[in-house]
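Q: Handing you this structure, nothing more for now.
The values are calculated or read from the model by the stated rules, or taken from the named source; none is laboratory data. None of the values given here were measured: they were computed from a predicted structure. Methodologically, a virtual Cβ is constructed for each residue, glycine included, from the backbone with ideal geometry; neighbour enumeration extends over all protein chains shown.
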Amino acid sequence: MFPNNFLWGGATAANQIEGAYNQGGKGLSIQDVLPRGVVHETTDGPTPDNLKLVAIDHYERYAEDIALFAEMGFKVYRFSIAWSRIFPNGDETEPNEEGLAFYDRILDELEKYGIEPLVTISHYETPLHLARHYGGWTNRALIDFFERYARALFTRYRGRIRYWLTFNEINSLLHIPILGGIDKPEPSRQELYQAMHHELVASGRVTRIAHEIDPSNQIGCMILAVPRYPLTPSPLDALATLQASQGDYAFGDIHCRGYYPGYLLRTLREQGIDLDITDADRADLANTVDFVSFSYYMSVCETADPTKQIKGEGNLIGGVPNPTLEASEWGWQIDPVGLRIILNDYWDRWQKPLFIVENGLGAKDVLTATPDGPTVDDSYRIAYMRDHLIQVGEAIEDGVDLLGYTSWGCIDVVSASTAEMSKRYGFIYVDRHDDGSGTLDRYRKKSFHWYRDVIASNGATLTD
Ligand code: BG6
């Protein structure tokens, strides 16, 4: 079922795991000054209730954490590099050696256990200075800053990192602009699409540079994947579904084909958006990716009927709730079959190898004492993951070329959307709480042992 070289593992992001927000010469990123639960504007400075300032202190405890990943048998570990550790303000000309050395140490640990790194270059971590003084990605100057940053990484880690992702969930920019460093509540559509264009150009440009520096580099785009179903059999609902899907497809189409699709050009025309696209931009866009990666948490329904446009509670990027599905405690609707659908859909559409780089269940775990020590009985998480992985196996049988699967938040991290600790995804429990209390000690959950067996059997235990 699963190919022999299938890359099993887990995923994290620097701002949600590292802490040490002002150590090792790191500058501030937008994440260090985002208030909890508000996703539009940064605050004046770091506030004590921002859990990301300490996160789970992976900056100091990385060796212990990677040893636990190795114990589960990880073949791959996805993490992000914090841009502001390497270029503290984003616009310097030389990288910060202390920042580069930190990721050398991470790579040393991964190499010790034979774990393949999969690195996100930008995971919602734009340096604050670039947001405040340049307007984030609305400004064309960020393309050159990003190139300098990516070039520093490709050069320093040449031969040590082969799999790279350019922008985490690049399609989320249109929905949550602050994640692209656009630090104001209501940017115009013109600004948003121009920022999108700049990120796409930057992604294409660094794809070319990565291949020039080391032809064995494999570069992927990363899309927030949401299968969309018509709410009713009405052709108008089907059309609304197609058009909403195109909003996400556009990012994969451009990364895989190297140019803007006609439906996007029409949207821009009809919204009166006039993008600044140069010939040099077109040349950058033509550098297509080697593979397509995506996150998968939920599906949604679409309707053309304005009276039924009720947005799902936990859903950040549109769509209406599906009456046939259950939801997580945060309102994210659970749909394992949707993962098989999106895998087939993306594979048929782009014919590029795929990589599932996020999937998992955010839940409130309870640490309990047992004769073997404290643990969490997270049978609900095991059920969620088993159901999803069975559908992954089905998609592979369908002929989908899939490189691997990294579950989100393989160790508990601070949540991205709500900035809570109590929304946990991990196989490893971290003793830290929403009020900032806790020892930061790590404990294996029930799912830890379950996932170890899944990996050891290369997926065979899923259907036992
Ligand atoms: C993805 C992000 O959107 O979903 C991660 O890439 C994030 O950074 C994950 O943590 C889960 O979302 P949340 O809000 O539950 O942490």
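Q: For the range 320-370, give me the residue count where each residue is assigned to a loop (DSSP other than H, G, I, E, B), of a type outside the set (A, V, I, L, M, F, W, C) and away from the ligand (no atom under 16 Å from the Cβ).
A: 9
Q: Of these, ASP348, ASP372, which one is within 25 Å of GLU169 (Cα to Cα) and exposed (fewer than 14 other Cβ atoms within 10 Å of the Cβ)?
A: ASP348
Q: List every residue pair whose Cβ atoms lie under 7 Å apart, where the two residues are 6 or more positions apart in sequence or sit on different chains, the first residue falls within the range 349-367 and is among the small types (Gly, Ala, Ser), and the second residue, located anywhere, is within 16 Å of the ligand (Cβ to nearest atom) and part of a strand (DSSP E or B).
A: Final answer for the pair search is GLY360/SER407; GLY360/TRP408; GLY362/ARG424; ALA363/ARG424.
Q: While we're on this one: If you check ILE176 against the conditions, is it aliphatic (A, V, I, L, M), surrounded by fewer than 20 Cβ atoms within 10 Å (Cβ to Cβ) and out of contact with any helix residue (DSSP H, G or I) (no Cβ under 6 Å at 6 or more places or on another chain)?
A: yes
Q: Check the range 121-144 and report whether any residue there is out of contact with any Ser or Thr (no Cβ under 8 Å at 6 or more places or on another chain), without any contact (Cβ under 8 Å) to a residue 60 or more places away in the chain, more than 16 Å from the ligand (Cβ to nearest atom) and under 15 Å from ILE209 (Cβ atoms).
A: Among the residues of the range 121-144, at least one is out of contact with any Ser or Thr (no Cβ under 8 Å at 6 or more places or on another chain), without any contact (Cβ under 8 Å) to a residue 60 or more places away in the chain, more than 16 Å from the ligand (Cβ to nearest atom) and under 15 Å from ILE209 (Cβ atoms), which makes the answer yes.
Q: Next question, about the same structure. Got at least one residue in the range 384-402 being part of a loop (DSSP other than H, G, I, E, B), more than 21 Å from the chain's Cα centre (by Cα) and small (Gly, Ala, Ser)?
A: Among the residues of the range 384-402, at least one is part of a loop (DSSP other than H, G, I, E, B), more than 21 Å from the chain's Cα centre (by Cα) and small (Gly, Ala, Ser), which makes the answer yes.
Q: Is it the case, given these coordinates, that ARG61 is touching a strand residue (DSSP E or B) at 6+ places or on another chain (Cβ under 6 Å) and either outside any loop (DSSP other than H, G, I, E, B) or touching a residue at least 40 places away in the same chain (Cβ under 8 Å) (or both)?
A: no
Q: Right, next: Is there any pair linking a residue in the range 271-292 that is closer than 30 Å to LEU354 by Cβ to one that is of a type in the set (Ser, Thr, Tyr) and assigned to a loop (DSSP other than H, G, I, E, B), with Cβ under 7 Å and at least six apart or on different chains, and which?
A: Note: pairs meeting the criteria are LEU285/TYR259.
Q: Collect the residues in the range 66-96 that are among the charged types (D, E, K, R), within 22 Å of the chain's Cα centre (by Cα) and more than 16 Å from PRO117 (Cα to Cα), keeping them in residue-number order.
A: The one that is among the charged types (D, E, K, R), within 22 Å of the chain's Cα centre (by Cα) and more than 16 Å from PRO117 (Cα to Cα): ARG85.
Q: Just checking, does the range 383-405 include any residue being away from the ligand (no atom under 12 Å from the Cβ), over 25 Å from ASP434 (Cα atoms) and modelled with pLDDT under 95?
A: No, that holds for no residue.
Q: Here's something else I'd like to know. From (1) buried (at least 20 other Cβ atoms within 10 Å of the Cβ); (2) within 18 Å of ILE219 (Cβ to Cβ); (3) more than 19 Å from the chain's Cα centre (by Cα); (4) polar (S, T, N, Q), pick out the condition that doesn't hold for SER122.
A: (3)
Q: Among the residues of the range 34-70, count how many are buried (at least 17 other Cβ atoms within 10 Å of the Cβ) and among the small types (Gly, Ala, Ser).
A: 1
Q: Sticking with this one: Only residues that are assigned to a loop (DSSP other than H, G, I, E, B) and within 15 Å of the ligand (Cβ to nearest atom): list them for the range 428-445, please. First the steps, then the outcome.
A: Going residue by residue through the range 428-445, those that are assigned to a loop (DSSP other than H, G, I, E, B) are 431-441, 445.
Listed by number, the residues that qualify are ARG432, ASP434.
Q: Inspect the range 197-215 for any residue being part of a loop (DSSP other than H, G, I, E, B), within 16 Å of the ligand (Cβ to nearest atom), in contact with a Leu (Cβ under 8 Å, 6 or more places away or on another chain) and not aromatic (Phe, Trp, Tyr) and give the result as yes or no.
A: Among the residues of the range 197-215, not one is part of a loop (DSSP other than H, G, I, E, B), within 16 Å of the ligand (Cβ to nearest atom), in contact with a Leu (Cβ under 8 Å, 6 or more places away or on another chain) and not aromatic (Phe, Trp, Tyr), which makes the answer no.
Q: Any residue at all in the range 165-177 that's away from the ligand (no atom under 14 Å from the Cβ), closer than 21 Å to GLN271 by Cα and outside any helix (DSSP H, G or I)?
A: no
Q: Does any residue of the range 255-269 turn out to be within 25 Å of GLU191 (Cα to Cα) and within 16 Å of the ligand (Cβ to nearest atom)?
A: Looking through the range 255-269, none of the residues is within 25 Å of GLU191 (Cα to Cα) and within 16 Å of the ligand (Cβ to nearest atom).
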